[in-house]
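Data first, discussion second: the structure below is written as structure tokens.
The values are calculated or read from the model by the stated rules, or taken from the named source; none is laboratory data. Just so you know, these numbers come straight off a predicted model, no measurement behind them. When we count neighbours, we look across all protein chains shown, and the Cβ atoms used for this are built from the backbone with ideal geometry, even at glycine. The accessibility values were calculated without ligands, DNA or RNA, using every heavy atom of the protein model including side chains. Shrake-Rupley method; radii C 1.70, N 1.55, O 1.52, S 1.80 Å.
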Amino acid sequence: MIKIVGTLLIVASTTTLGIMYSTAIKKRIDILETIYRFFGEVAEEIRHSRDTTYVILSRLIKSERYKELSFLKEGLTNRRGYIEELIKIVNKQNNLLAEIDKKILTDFFLKLGKTDVEGQMVHSLSCQQRIMQVLKTDKENTMKKAKMMNSLGVLSGIFISIFMI
Amino acid sequence: MQRRKNLKFAGVLSVLPERVAKTLEALDGKIIENIHEVRLRANKPLTLTIVNGNYFIAEGGLPAFNCEKPIIISDEELNEIFSKICEYSFYTYQDDIANGFVTMQNGNRVGIAGTAVLENGSRIVSFKNINSLNIRISREVKGAANEIINEILTEDSKEILGALVISPPKFGKTTILRDLARQLSIKGKRVALIDERNELAAVCEGMPQNDVGKLTDILTGIPKDKGILYALRNLSPEVIICDEIGGSAEIDGVIYALNAGVPVIASAHSGSYEELLKRPGFLYLLNSGAIKKVFVINSKSGIGKISEVIEVGKEND
């Protein structure tokens, strides 16, 4: 009986570990998909409302639809130097973002608001395309890795249990 | 009022480099109150226009015309100041920039000098290589329209007369119109304020930063001629107020409003009534009957003081 309970506990814990790892891996894809939508909506807002970048970013980042980007919130405390703050925050996200993601976000913020409406449309859409490229190449791999993590979790649990018995 | 003035000055300080902001912040309150303009030119000394004189200032010093080590603004600093003025969002201000000015959140107006970018060889679409910025500090003076308010209302205060306030630049026309909107609103009149350059109400994120009255509807950023028509159609005002008319479309708009039964109170640049009559557009406007009174402000009367009230059509009486 103890052996069965022990086996179940081992399998349960390794499976949980596997799920945790796979969720962490998939988190980046969720964020990238959110960034893709975010760039599009920033462009729409610029064209539609012509509000300042600070107002647009505050409105979007604080909204529930972009909760994956909530790590950017603290960059919006100072109305004057917020672009530098946002870039700093992006570059600190080593766990959530890959270098290429950080580069795209940094480029996006650096050129944000620096041109007229047409220029901003082109800029936002080009950043959106870059995110799409990253998603295309990384999404499949990431999903495979996530599945592998899930399987590994279960299998390693079973393996350890057999080994212990 | 002092607090509001200080807020407007603080708005200027917030876009200046720290060393400059610290120097200006340390000035005596009376000096600050009299600063009308802060002029910034690339690689040249910062200039303060105090009342009507121009002064330089050294770091940590006092304004003086003969200043040994005046604060020099570098071109990088000027670009950064301009970015801050535009809140890092040039597209938001692209139409204003094309017209050579930007109105800051607190109503301060920034004139731009640089190289014009033309489209089709004639239409200015932007300015590049900006080499000079003139920050004009907005003034909100409650009571500025006291001399005018009773002149434009009929004895029973039921009707408002169309009026024009004229003066050379910097004589307080905008300040008078702003207070007029507030006072007419207090008297229970529905006012439509056509604030093309956002100088009258200084609307920031939908909220007016200046007190223009509780019965005042504000149309910001809309060309005056279109604003007048829009207000007539949608806001049913009892009076329309707009600043600095001059173009033929704007004059036509004022006449259209008269024919719709709504008086317009506006301002225009002119040194005197005689000069005004030399401009065909205004001659046409005065002959139309849309303007019943012209208020003249000039150097004789001083800033914000009415020198002459002319009843149109009775000039020779």
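Just the accessible area per residue of chain B, please: how many Å² with a 1.4 Å probe?
Values: 14620 Å² over 317 residues.
I get 46 Å² per residue for this part.
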Any residue on another chain or 5+ positions along whose placed amide H is under 5 Å from the amide H of B:VAL191 is listed here as B:THR216, B:ASP217, B:GLU238
Given the Cα-Cα distance of B:HIS269 and B:ASN54 and 0.36 nm per residue of separation, how much length would full extension add, in nm? 75.1 nm
Based on the alpha-carbon set only, what is the convex hull volume of region B:221-317 divided per residue, in Å³? 107 Å³
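From other protein chains only, count the Cβ atoms within 10 Å of every residue's Cβ in B:78-88, then give the mean.
3
How many percent of Cα pairs in the protein assembly as shown exceed 30 Å?
Working: 68140 of 115921 pairs.
Percent of Cα pairs beyond 30 Å in the protein assembly as shown: 59.
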Which of the trypsin sites (Lys or Arg not before Pro) found in region B:212-265 are loop residues per DSSP with 13 or fewer other Cβ atoms within 10 Å of their Cβ? B:LYS214
Simple label model, 7 Å out from Cα along Cβ direction - B:ASN129 to A:ARG79, nm: 3.4 nm
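Around B:GLY53, under 14 Å between beta carbons, what's the net of Lys plus Arg minus Asp minus Glu among the other residues?
On the way: positive: B:ARG39, B:LYS170; negative: B:GLU37.
Taking every other residue near B:GLY53 into account, the sum is +1.
Using r as the Cβ-Cβ distance of B:LYS305 and A:GLN93, and R0 as 60 Å, what FRET efficiency do you calculate, to the nearest 0.05?
On the way: r = 61 Å, r/R0 = 1.01.
Once the sixth-power term is evaluated, E becomes 0.50.
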Based solely on C-alpha atoms, express the radius of gyration and the Dmax of region A:66-165 in angstrom. 19.6, 70
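Within a Cβ distance under 13 Å of B:ASN131, other residues only, what is the Lys/Arg minus Asp/Glu net charge?
Values: positive: B:ARG39, B:ARG41, B:LYS44, B:LYS128; negative: B:ASP75, B:GLU76, B:GLU77.
After counting each charged neighbour, the total is +1.
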Mean Cβ neighbour count within 10 Å, used as a protection proxy, ranking B:28-35, B:104-111 highest first: B:104-111, B:28-35
Peptides ranked, highest mean first, by Cβ atoms within 10 Å: ranges B:116-126, A:6-16, A:30-40: A:30-40, A:6-16, B:116-126
Could you tell me the calculated FRET efficiency between B:GLU159 and B:LEU283, based on Cβ-Cβ distance and R0 = 25 angstrom, to the nearest 0.05? 0.50
For B:90-100, what's the mean count of beta carbons from other chains sitting within 10 Å of each residue's beta carbon? 5
Would you mind computing, in nm to one decimal, how far apart the modelled labels at B:SER122 and A:PHE71 are, each placed 7 Å from Cα along Cα→Cβ? 5.5 nm
Leaving out ligands, DNA and RNA, calculate the buried accessible area for the pair B and A with a 1.4 Å probe, summed over both sides, in Å² to the nearest 100. 1400 Å²
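Assigning unit charges at the beta carbon (Lys, Arg +1; Asp, Glu -1) and nothing else, what dipole magnitude in debye, to the nearest 20, does region B:112-176 show about its Cα centre?
Numbers: 8 positive and 7 negative charges, 113 e Å.
Here the size comes out at about 540 debye.
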What shape does region B:45-178 have by the C-alpha gyration tensor, where a ≥ b ≥ c are the square roots of the eigenvalues, rounded means a/c under 1.5, and otherwise prolate means a/b greater than b/c and oblate the rest? oblate
Accessible surface of chain B [probe 1.4 Å, protein heavy atoms]: carbon and sulfur percent: 48 percent
